[in-house]
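Engineer: For reference, the structure I am asking about is given below.
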Amino acid sequence: MNAAPKEWKEQGCPTCRAGWESGSRVALRNIGTSYELHTRLFQCAQCGAYWEELERYAQEVSASDAALFEQHKSFVPNAGSQETHSK
Ligand SMILES: [Zn+2]
């Protein structure tokens, strides 16, 4: 039996949830991207939770799911520079 999906308030910590809610994502480090899966992987600097950002929403994922995602053939690690949205 699969575990029920976590409620939003049970995912990550208030810091990373606030990041998704506000869109500022200051506490969220982009680990990498899969364009094939239309998913970006983030980790919260505060609580260490892993997050997948899908096209329409973000959800917390387990460390093992994050590791699997990083091993996906389409995964492109973030080179280190934060995405900059220049004006
Ligand atoms: Zn967090």
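The values are calculated or read from the model by the stated rules, or taken from the named source; none is laboratory data. What you see is a predicted model; the values in this text were computed from it and never measured. Glycine gets a Cβ as well: all are built from the backbone with ideal geometry, and neighbour counts include every protein chain shown.
Engineer: Step by step: first the residues of the stretch 14-36, then only those that are of a type outside the set (D, E, K, R), modelled with pLDDT under 95 and touching a helix residue (DSSP H, G or I) at 6+ places or on another chain (Cβ under 9 Å), then the one that is nearest to Arg56 (Cα to Cα). Which residue is that?
Structural biologist: For the stretch 14-36, the residue satisfying everything is Ser24.
Engineer: Here is a follow-up. Given Ala63, Ala4, which one is modelled with pLDDT of 95 or more and surrounded by fewer than 17 Cβ atoms within 10 Å (Cβ to Cβ)?
Structural biologist: Ala63
Engineer: All but one of (1) of a type outside the set (Gly, Ala, Ser); (2) touching a residue at least 40 places away in the same chain (Cβ under 8 Å); (3) within 11 Å of the ligand (Cβ to nearest atom) hold for Pro5; state the number of the condition that does not hold.
Structural biologist: For Pro5, the failing item is (3).
Engineer: Let me ask something else. Output the number of residues of the stretch 8-28 satisfying the condition of being surrounded by fewer than 18 Cβ atoms within 10 Å (Cβ to Cβ) and in contact with a Cys (Cβ under 8 Å, 6 or more places away or on another chain).
Structural biologist: Residues that pass the stated criteria total 2.
Engineer: Let me ask something else. Please count how many residues of the stretch 8-50 are touching a residue at least 40 places away in the same chain (Cβ under 8 Å), under 11 Å from the mean Cα position of the chain (by Cα) and either closer than 16 Å to Leu68 by Cβ or more than 16 Å from the ligand (Cβ to nearest atom) (or both).
Structural biologist: Number satisfying all stated conditions: 3.
Engineer: Select from the stretch 53-79 the residues that are under 26 Å from Pro14 (Cα atoms), among the hydrophobic types (A, V, I, L, M, F, W, C) and either part of a loop (DSSP other than H, G, I, E, B) or touching a Cys at 6+ places or on another chain (Cβ under 8 Å) (or both) and list them in ascending order.
Structural biologist: The answer is Leu54, and nothing else.
Engineer: I would also like to ask the following. From Gln82, Gln46, grab the single residue that is modelled with pLDDT of 95 or more and part of a loop (DSSP other than H, G, I, E, B). Even if it seems obvious, please write down each step before you answer.
Structural biologist: Details: Gln82 fails: modelled with pLDDT of 95 or more.
None of the others qualify; the one that does is Gln46.
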